[in-house]
């Protein structure tokens, strides 16, 4: 894949570069949240973003918390207001956008471009899981998205 990024990929690249994150081993909740000035709380409740605070479910695995952090960071950066006050269609759209944002934050294209992914999908998924500390389903979805975007160029 070349260095042509869609708008979200470029936004993520600039966001991470602005806080001096260039490599997969730098991607974690503590580093990203502290460099962006966000407070993260771990509670026994579903993940959410409320008034400048990201709440993550302490009962989840580290990798699931990382994925949820990416999702909630989208709400923190892009979505204002109370989701309970917007239409169901707008809420679903925001959730779709936040899921897509999480995919791209947790496994950025500019970092994938620097990795020699194995030819076999199973091996590539395993490598993504290991390098980016995400769960299998998340890695599979992101690899599929990455390949689809690469083929569209």
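Filtering segment 79-98 down to residues that are touching a helix residue (DSSP H, G or I) at 6+ places or on another chain (Cβ under 6 Å) and part of a helix (DSSP H, G or I), which residue is modelled with the highest pLDDT?
Let us first name the residues in segment 79-98 that are touching a helix residue (DSSP H, G or I) at 6+ places or on another chain (Cβ under 6 Å), namely 79, 83, 91, 98.
Next, only the ones that are part of a helix (DSSP H, G or I) stay: 83, 91, 98.
On the way: 83: 60, 91: 81, 98: 94.
If we take residues in segment 79-98 being touching a helix residue (DSSP H, G or I) at 6+ places or on another chain (Cβ under 6 Å) and part of a helix (DSSP H, G or I), then 98 is modelled with the highest pLDDT.
For segment 6-21, indicate whether the set of residues that are in contact (Cβ under 8 Å) with a residue 12 or more places away in the chain and loosely packed, with under 12 Cβ neighbours inside 10 Å is non-empty.
yes
Any idea which of 105, 73 is modelled with pLDDT of 95 or more, closer than 21 Å to residue 33 by Cα and touching a strand residue (DSSP E or B) at 6+ places or on another chain (Cβ under 8 Å)?
Values: 105 fails: touching a strand residue (DSSP E or B) at 6+ places or on another chain (Cβ under 8 Å).
Going through 105, 73 in turn, just one is modelled with pLDDT of 95 or more, closer than 21 Å to residue 33 by Cα and touching a strand residue (DSSP E or B) at 6+ places or on another chain (Cβ under 8 Å): 73.
Residues of segment 36-55 being assigned to a loop (DSSP other than H, G, I, E, B), free of Cβ contacts under 8 Å to residues at least 12 places away in the same chain and more than 19 Å from residue 16 (Cβ to Cβ), which ones?
Of all residues in segment 36-55, those assigned to a loop (DSSP other than H, G, I, E, B) come to 37-38, 44-47, 51-52.
Next cut, free of Cβ contacts under 8 Å to residues at least 12 places away in the same chain only: 37, 46, 51.
Passing the criteria: 46, 51.
Restricting attention to segment 118-153, which residues are in contact with a helix residue (DSSP H, G or I) (Cβ under 9 Å, 6 or more places away or on another chain), over 13 Å from residue 27 (Cβ atoms), touching a residue at least 12 places away in the same chain (Cβ under 8 Å) and not in a helix (DSSP H, G or I)?
Passing the criteria: only 135.
The values are calculated or read from the model by the stated rules, or taken from the named source; none is laboratory data. Computed from a prediction, not measured in an experiment: that's the story for all the values here. FYI the Cβ positions are ideal-geometry reconstructions off the backbone, even for glycines, and counts take in every protein chain you see.
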